[in-house]
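Below is one structure, written out as structure tokens, with a few remarks after it.
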Amino acid sequence: MNSLITILLLVVANIFMTFAWYGHLKLQEMGKITNTPLFLVILGSWIIAFFEYSVQIPANRIGYIGNGGSFTLVQLKIIQEVITLLVFSVFSFVLFKTQIQWNHLAAFFCLILAVYFVFMK
């Protein structure tokens with residue numbers, strides 16, 4: 001159960017972080033914040049990032065094997081990176097209409113290999 005909770009919390013954390021990192025670009029593209037000073041955009045991203053950290057830290061604590069979780073530190077990091085790229089891919093395909101290319105698929109394949117190797121005994 002800890003594994004599932006950890007992964008769900010990591011997904012939620014990465015949704016927040018993706019919006020903190022890239023959401024302002026979509027708002028700018030839509031004309032919502034074209035004249036907003038950069039420091040206000042940064043402040044808004046930090047506020048969103050606060051919520052990301054409020055979920056990311058518990059996810060790592062719950063999931064870490066040293067705290068009774070299921071994952072080693074390296075496994076947690078690889079899981080987090082895969083989730084980050086999956087969330088970012090959905091974000092970029094849905095909001096920015098990014099076209100998937102062969103090199104994107106090759107990169108996803110490499111991520112699958114990373115997960116395989118990090119969990120290999």
When restricted to 18, 72, the only residue more than 25 Å from residue 103 (Cβ to Cβ) and touching a helix residue (DSSP H, G or I) at 6+ places or on another chain (Cβ under 8 Å) is 72
Within the stretch 26-41, restricting attention to residues that are surrounded by 13 or more Cβ atoms within 10 Å (Cβ to Cβ) and without any contact (Cβ under 8 Å) to a residue 40 or more places away in the chain, which residue is farthest from residue 115 (Cα to Cα)? 36
I'd like to check something: does the stretch 30-53 contain any residue that is of a type in the set (Phe, Trp, Tyr), assigned to a helix (DSSP H, G or I), farther than 21 Å from residue 120 by Cα and over 17 Å from the mean Cα position of the chain (by Cα)? yes
Filter result for the condition that a residue is more than 18 Å from residue 11 (Cα to Cα), buried (at least 16 other Cβ atoms within 10 Å of the Cβ) and free of Cβ contacts under 8 Å to residues at least 60 places away in the same chain, over 66, 44: 44
Residues being part of a helix (DSSP H, G or I) and touching a Gly at 6+ places or on another chain (Cβ under 6 Å) - total across the stretch 70-97: 1
Say whether the condition of being in a helix (DSSP H, G or I), in contact with a strand residue (DSSP E or B) (Cβ under 7 Å, 6 or more places away or on another chain) and closer than 23 Å to residue 111 by Cα is met by at least one residue in the stretch 55-64. yes
Would you be able to say whether some residue in the stretch 90-98 is among the β-branched types (Val, Ile, Thr) and touching a residue at least 40 places away in the same chain (Cβ under 8 Å)? no
Could you tell me which residue of the stretch 82-103 is farthest from residue 6 (Cα to Cα), considering only residues that are surrounded by 16 or more Cβ atoms within 10 Å (Cβ to Cβ) and either over 15 Å from the mean Cα position of the chain (by Cα) or aromatic (Phe, Trp, Tyr) (or both)? 95
Give me the residue from the stretch 1-25 that is surrounded by 15 or more Cβ atoms within 10 Å (Cβ to Cβ) and touching a strand residue (DSSP E or B) at 6+ places or on another chain (Cβ under 9 Å) and, out of that set, nearest to residue 89 (Cα to Cα). 6
Qualifying residue in the stretch 100-107 (condition: among the polar types (S, T, N, Q), part of a loop (DSSP other than H, G, I, E, B) and either at pLDDT 90 or above or over 20 Å from residue 10 (Cβ atoms) (or both)): yes
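The values are calculated or read from the model by the stated rules, or taken from the named source; none is laboratory data. Treat the numbers as computed from the prediction; the structure is a model and nothing was measured. Please note: Cβ atoms are built from the backbone with ideal geometry, for glycine as well, and neighbour counts cover all protein chains shown.
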